[in-house]
Amino acid sequence: MITNTELEYKGNLYPDQIVDFKKDSDKFYFTTQNGVILEITVIRNSTIRFRYATDHVMEPDFSYAISPDAPRGYKDLKAEETDTEYLISTAKVKVLVDKKSMRVQISDLEGNIINEDELGFHYEENYTYGGNSVKMSKITQSGESFYGMGDKATHFNLKGKRVHNWVTDQYAFGKDQDPLYKAVPFYIGLHQNKAYGLFFDNTFKTHFDFAHERRNVTSFWAEGGEMNYYFFYGPDMSRVVRSYTDLTGTPELPPLWALGYHQSKWSYFPESRVKQIASKFRKLKIPCDAIYLDIDYMDGFRCFTWDKTKFPDPKKMISELNEDGFKTVVMIDPGIKIDRDYWVYQEAIKNDYFCKRGDGPLMSGKVWPGQCNFPDYTNPEVREWWAGLYKELMSEVGAHAVWNDMNEPAVMEVPTKTAPLDTRHDFDGHPCSHRKAHNIYGMQMVRATYEGVKKYVYPKRPFVITRAGYSGTQRFASTWTGDNVATWEHLWIANVQVQRMCVSGMSFVGTDIGGFAEQPNGELFARWIQLGIFHPFCRVHSSGDHGDQEPWSFDKEVTNIVRKFIELRYQLLPYLYTSFYRYYKESIPMIKPLVYHDQEDQQTHFRTDEFIFGEQILVCPVQEPNAKGRRMYIPRGTWYDYWTNETVEGGSEKWVDADIDKIPIFIKEGAIIPKYPVQQYVGELKIEELQLDVYYKNGIENSMIYEDAQDGYDYTKGEFSLRNFKLTGKENELILQQFKDGNFITTYETFKLNLMGLPFKIKSIQLDNESIALKDVKMNGSNTIHVTKEFTTLHIIGK
Ligand code: GLC
């Protein structure tokens, strides 16, 4: 019996008997008597697309989410037919389509059901707007858990929740508040140790119910558009996340400075204040790579202008900051002030670039500058114009990067917080209303920004940040989680949001460290920095109306703690950069929640706090005041406590000491962690020697280090250095093998190896099969050795 209110509605229509079947290279078409068409595309053995149309009409196929580099289709497949169903098989899954109801069941090759329709596809005609509300219901499998969905500020496991996707300017949002700034209609299901993913590529407002309304049913629906979803089979969660990320794309490598520590506030002005902040970092020796200019640098909040009283010579200021190792990041919003004397406004009016309402007038709304019009970024011509507006700002004034905000688009003083729904959009030649374009508006804005910034900072790499986003936005920009609050609860939210974004294809993410609204005390700020240095984007930002939030704004003890952790981030830059490389190249998320790390271990399915930074570092923030440590789950395997080098066996919860100057950090045994010396900013020092912290293991572990020129595009022409290390530990020996790829010559000649946990005293060392005297490897103490970077095999033999 159906009890779901969404489904109960008697206006629902269902596909009936399949009366026609057709195959067209990589696609299968099934048509029912009542005119429902199901198009199935096998994109890869484990990626299958399902698309439904009604009344025999398929709309033109168009998506902003899918990467131009995504895999396209898989030829030469057969469907078998029985009396009751059709069967499509790939090397990974079997898809059954029921002839009577068009319901779909997907199983693995052993016949285990991975995902099956309950009612399956159904729809309801939308009498107000035209088109359909399109709906899908699936059976929730026993013990099934759910993950993904972008920036939801709720428990990491979504089982029992209902969530909504409608990008929203949600100032000072709370735990469980929904929707927020991003719309990522992608989830991962996990049951019986098998994971799959489902991406509902529909830009209208969408809703997902994960066994919330009915215990055995998972459903999702949209207020318009098509039922159009991609199914990804694992069985490993890592495979699912990578398949989804391959489909929606990854960013190019950022300049390395973008992974440094960044300082922001609403707002640093005038020029003298900006410089004062910058020099204080250098004076106190707290590393920092970028300083941010929020809206107040503009003349009356007009984008692409400068307030010349606050910033009389921005070019000179930016260049002086640059000499001191600071990059300048400037904010640009979508709303263009209605002002007849303002050139950007004039150009947009002249060329008809602003969005219009359904009945013709320009769409207008209030934002920071007052009444504004809004460019239609869904029009390719408008995007090109917008990209061109960055020319002066980037090439002449010399700004290094751009931060796009308010691009939901946010509109003030209206209950909907955004554009009216009848606003028209080009949607790249598929004209539509804001109901369809809302969720991708910010994405298309930042896409245009990215194109412009990329063009004008060339031959350097672009760095762009966005607040709003839809699936695929990661191809163009990094992001932050919006206007959070300086509370302990928000520290928990920050941790969950970043993990969730990482498994939702968007790894280049961080939060306003310390909280945007309100003011943290020193303890909360220190704890947040300890977490924030492990986030791919690491920036302190605050609204500024409750006081300062610089590393020195609290007491001396806090300043010292903050310095210590920012220094750790700078030491770990080669490790972090390698995980960015793997994200860019192999679609591997930069942060892995515990369930991603070890889905076979049921204990991980409901964990929220612990995560793996990169591949081999386990981190767990302290999220309560006055704590001297915390209980945490250590995943299975052997780990080294980063602070004491003691080993611990995982597979259970443990108390871990972590007074205010520590955060629990563990290193996977066998790992080789590369470290740079502490620099005040990226590129300050020539790296003379690469430190490798080697964590002994009785067994085998692989590690990787990626390096290149840290900016520019030579890496795409082979100018990179990729070192793969294989560590093999035995009772009385340790062997490191190095496999090198790429032509880039690193500046250092030697490695400094810190050998941790070695169970023996070193008797002799062989480098590429030649014995070398211990004095030639420059042993310091008993477990630090310096060797040439060129070795293939380093063999350490014990006494
Ligand atoms: C929004 C942004 C915030 C920014 C402020 C002023 O609230 O989310 O980061 O500081 O606008 O531009």
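The values are calculated or read from the model by the stated rules, or taken from the named source; none is laboratory data. Since this is a predicted model, take the numbers as computed values, not measurements. Here the Cβ positions follow ideal geometry from the backbone for every residue, glycine too, while neighbour counts run over all protein chains shown.
Would you point out the residue of the range 41-61, among those that are under 29 Å from the mean Cα position of the chain (by Cα) and within 12 Å of F121 (Cβ to Cβ), that is surrounded by the fewest Cβ atoms within 10 Å (Cβ to Cβ)? For the range 41-61, the residue satisfying everything is R51. For the range 406-416, the set of residues classified as surrounded by fewer than 24 Cβ atoms within 10 Å (Cβ to Cβ) and either among the hydroxyl-bearing types (S, T, Y) or under 27 Å from the mean Cα position of the chain (by Cα) (or both) consists of M406, V411, T416, listed by residue number. Within the range 224-245, residues that are in contact (Cβ under 8 Å) with a residue 40 or more places away in the chain reach partners that are of a type in the set (A, V, I, L, M) and in a loop (DSSP other than H, G, I, E, B) with beta carbons closer than 7 Å, at six or more positions or on different chains, in the pairs V241/V503; R242/I588.
Among the residues here, L727 does not qualify as more than 27 Å from the chain's Cα centre (by Cα), assigned to a strand (DSSP E or B) and touching a residue at least 60 places away in the same chain (Cβ under 8 Å). Would you please list the contacts, defined by Cβ atoms under 6 Å and residues six or more apart or on different chains, that run from a residue in the range 62-90 that is assigned by TED's automatic domain parsing to the domain that holds E39 and in contact (Cβ under 8 Å) with a residue 24 or more places away in the chain to a residue that is among the aromatic types (F, W, Y) and outside any loop (DSSP other than H, G, I, E, B)? The qualifying pairs are A79/F28; A79/Y86.
Among residues of the range 538-551 that are over 20 Å from T481 (Cβ atoms) and in the same structural domain as R563 (by TED's automatic domain parsing), those with a beta-carbon under 6 Å from a residue that is away from the ligand (no atom under 13 Å from the Cβ) and assigned to a loop (DSSP other than H, G, I, E, B) at least six positions away or on a different chain give the pairs G547/Q519; P551/I286.
Summed over the range 743-785, residues that are under 23 Å from E669 (Cβ atoms), surrounded by fewer than 16 Cβ atoms within 10 Å (Cβ to Cβ) and within 35 Å of the chain's Cα centre (by Cα) total 0. Filtering the range 628-674 to residues that are surrounded by fewer than 21 Cβ atoms within 10 Å (Cβ to Cβ), among the charged types (D, E, K, R) and assigned to a strand (DSSP E or B) leaves R630, R631, D641, E649, E653, K654, D657. Selection of the range 629-688 for residues being in contact with a helix residue (DSSP H, G or I) (Cβ under 8 Å, 6 or more places away or on another chain) and among the β-branched types (V, I, T) yields I660, I663, I673, V678, V682. Against the numbered list (1) on the phi > 0 side of the Ramachandran plot; (2) assigned by TED's automatic domain parsing to the domain that holds A437; (3) more than 16 Å from the ligand (Cβ to nearest atom), S395 comes up short only at (1). Which residue is farthest from K686 (Cα to Cα), if the candidates are limited to the range 532-562 and must be over 26 Å from the mean Cα position of the chain (by Cα) and charged (D, E, K, R)? Checking each candidate, the answer is D545. What are the residues in the range 467-483 that are within 14 Å of the ligand (Cβ to nearest atom) and assigned to a loop (DSSP other than H, G, I, E, B), if any? Residues satisfying the conditions are R467, A468, T481, G482, D483.
Residues in the range 430-448: is at least one within 16 Å of the ligand (Cβ to nearest atom) and within 21 Å of C538 (Cα to Cα)? There is at least one residue in the range 430-448 that is within 16 Å of the ligand (Cβ to nearest atom) and within 21 Å of C538 (Cα to Cα).
Evaluating P536 against the criteria (1) closer than 17 Å to F156 by Cα; (2) out of contact with any Asp or Glu (no Cβ under 7 Å at 6 or more places or on another chain); (3) surrounded by 21 or more Cβ atoms within 10 Å (Cβ to Cβ) leaves one unmet condition, (1).
Residue by residue, here is whether (1) exposed (fewer than 15 other Cβ atoms within 10 Å of the Cβ); (2) in contact with a strand residue (DSSP E or B) (Cβ under 6 Å, 6 or more places away or on another chain) holds:
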site	(1), (2)
E688	yes, no
L692	no, yes
Y695	no, yes
N698	yes, yes
E701	no, yes
Y706	no, yes
Q710	no, no
D714	yes, no
K717	yes, no
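Here H490 meets each of (1) within 18 Å of the chain's Cα centre (by Cα); (2) within 16 Å of the ligand (Cβ to nearest atom); (3) assigned to a helix (DSSP H, G or I) with one exception, condition (1).
Given the structure, is F525 surrounded by fewer than 24 Cβ atoms within 10 Å (Cβ to Cβ), touching a residue at least 24 places away in the same chain (Cβ under 8 Å) and away from the ligand (no atom under 16 Å from the Cβ)? In short, no. Residues that are modelled with pLDDT of 95 or more and not in a loop (DSSP other than H, G, I, E, B): does the range 681-688 have at least one? No - not one qualifying residue is present in the range 681-688. Out of everything in the range 539-566 that is within 16 Å of the ligand (Cβ to nearest atom) and not small (G, A, S), what residue ends up being surrounded by the fewest Cβ atoms within 10 Å (Cβ to Cβ)? Selected residue: D545.
Of the residues examined, K391 is one that is of a type outside the set (D, E) and under 30 Å from K316 (Cα atoms). Kindly evaluate M406 against the criterion of being assigned by TED's automatic domain parsing to the domain that holds G260 and within 16 Å of the ligand (Cβ to nearest atom). The answer is yes for M406. Within the range 417-446, the set of residues being within 21 Å of G388 (Cβ to Cβ) and buried (at least 24 other Cβ atoms within 10 Å of the Cβ) comprises H425, Y441, G442, M443, Q444, M445, V446. Residues that are of a type in the set (G, A, S) and buried (at least 24 other Cβ atoms within 10 Å of the Cβ) do not occur anywhere in the range 198-217. Residue under question is G360, and the condition is that it be of a type in the set (G, A, S), assigned to a loop (DSSP other than H, G, I, E, B) and farther than 23 Å from A419 by Cβ; does it hold? Here the answer is no, as G360 does not meet what is asked.
In the set (1) surrounded by 14 or more Cβ atoms within 10 Å (Cβ to Cβ); (2) assigned to a strand (DSSP E or B), Y64 fails one condition alone, (2).
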